[in-house]
Structure formats: C-alpha cells, structure tokens
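Below you will find the structure I want to go over with you.
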Amino acid sequence: MIHRLKYGNTNCFVIDGNNGCLMIDTDMPGTLNGLYRSLKEHEIAFKDIRFLVATHFHPDHIGLVSELMSKGIRLILLEEQIPFVHYADRIFERDGNISYEPIKEDTAMIVSCSKSRELLTALGFDGEIIYTPSHSMDSISLIMDDGTCFAGDLEPIEYLEAYENNELKNDWDKIMEHNPRKVYFSHRNEIIFG
Ligand SMILES: [Zn+2]
C-alpha cells in the first residue's frame, strides 16, 4: 500500500513492508505536527514507520530527517549521497530555523545503490534503489518490484522530447529497464505506463 502524505509543498510517501513502513522524503523543518496529522488521516501509526530514505538532500526533502532519526527511525543513506547530507545545513542556519538539527549520518544504514536490493530485502521491502543524478548529484530513485517508482525531483520523461538532456535520458533509461508501472514525483502528479 502506498500513502502519499502532503503536509507542505513536497509529496512524501509511506510504503508498507513486512517489518514496518518505509518513508520516502520529508518536508521542511518544523512540519512534524503536519506529518503527525497526515499520518493520522492515513491511519498510519507513527511507531510503524521504521525506515526513511531521502530521494536527495535538498531542503524541502529532508527537513525532518534528523528529528525522525532521534525518534528511532533508521535512515537508509546511499553512499552516493554521503557528500551531500549537510547541503541544507547552511540554508537552514541562514534562515534562522532553530528547529533544525544537522543529520548524524554515522547512525544511518549506509549502502551503495548496487547493494540496496539486499538491504531492502532484509528490511522487508522488494525493490531497489538506483542512482539517477540528473536533478542533483545525490538524487536516487526507489523502484519496487511491483513497478511502483519514486523519482523525487527527476524531470518527467516528456521533457526528453522537448530538449536534449543526456543525463535525464540516462536516468529514464535506467528506470525504464525496471519496467515501471507508476512513477511518483515530489512536486508533480504521478505518471502511469502501459
Ligand atoms: Zn530538489
């Protein structure tokens, strides 16, 4: 089951696994109450969310990561993302946003994209994480074996017709190899294939 939670400007997702739920992205710092409300609307117990992954570390995707980690939710951090974990720190600092604590990446579950299937299987999810860096160098997509894909801020496939963008094409080629049926985005409506 896929839940789309919107408690700000970013679509965040929760998917069910065999040992608890995985959350994909969070909104900005200070939106925890919004998250709680949204979970209630979707009849998801907070304690059932056990894992978290960020499609990338832009501010509007990771604002609650450190808070959720401090509440026991484990972050799945891709090796490809490590250099970018603190990208938003100075942005939040400049904004004077006191509710933000930097992410403690040493307590995350660190894995490479190529080993992500093994980790996800162990955690109770059938799928894998693929590296799709056209939006930002730390961007990943999560693609489940049922064809559900979470692509974050990846630009839609139709853009490939409008202009030449080899990086975007590479990312979409990788996603299409996995036969997606439905692709969810952070800031636009999902697209359905077939
Ligand atoms: Zn972004």
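Near Lys174, which lysines are there with a Cα under 23 Å away, not counting those fewer than 8 places off in the same chain?
Once the sequence-local lysines are set aside, what remains near Lys174 is Lys115, Lys182.
For region 1-25 and region 96-120, what is the separation of their C-alpha centers, rounded to whole Å?
16
Same structure again: Ranked by Cβ crowding within 10 angstrom, fewest neighbours first, how are His178, His135 ordered?
His178, His135
In which sequence would Glu155, Glu105, Glu41, Glu164 go, from the one with the fewest C-beta neighbours within 10 Å to the one with the most?
Exposure proxy ranking, most exposed first: Glu164, Glu41, Glu105, Glu155.
Tell me, how many Å apart are the Cα centres for region 61-92 and for region 171-193?
Each part's Cα centre sits 24 Å from the other's.
Below 8 Å, C-alpha to C-alpha, sequence gap of six or more: please give me the relative contact order for the chain in percent.
17
Can I ask one more? Given 0.36 nm per residue, what is the gain on full extension from Asn165 to Arg37 after removing their alpha carbon distance, in nm?
Here the segment from Asn165 to Arg37 would lengthen by 42.1 nm.
Would you mind checking the tilt of helix 32-41 against the longest principal axis of the Cα atoms of the chain, expressed as 0 to 90 degrees and rounded to 10?
70
Another question about this same structure. Tell me which aspartates and glutamates have Cα within less than 18 Å of Lys40's Cα, excluding those fewer than 8 residues away on the same chain?
Here the aspartates and glutamates satisfying the reach criterion relative to Lys40 are Asp16, Asp25, Asp27, Asp48.
Output needed: percent of Cα pairs per 10 Å distance bin for region 2-192, bins running from 0 to the one holding the longest distance.
Histogram of Cα-Cα distances, whole percents per bin: 9, 39, 38, 13, 1.
As a check on your grasp of the helix formula, calculate [θ] at 222 nm for the chain: sum -39500 (n - 2.57) over DSSP H runs of n ≥ 4, divide by the residue count, round to the nearest 500.
-6500 deg cm²/dmol
Something else: Give the relative contact order (percent, whole number) for region 68-111; include only Cα pairs under 8 Å separated by 6+ residues.
62
Readers should treat all values here as calculations from the given coordinates under stated rules, not as data from a laboratory. The shown structure was predicted, so the numbers you read here are calculated from the model rather than taken from an experiment. When we count neighbours, we look across all protein chains shown, and the Cβ atoms used for this are built from the backbone with ideal geometry, even at glycine.
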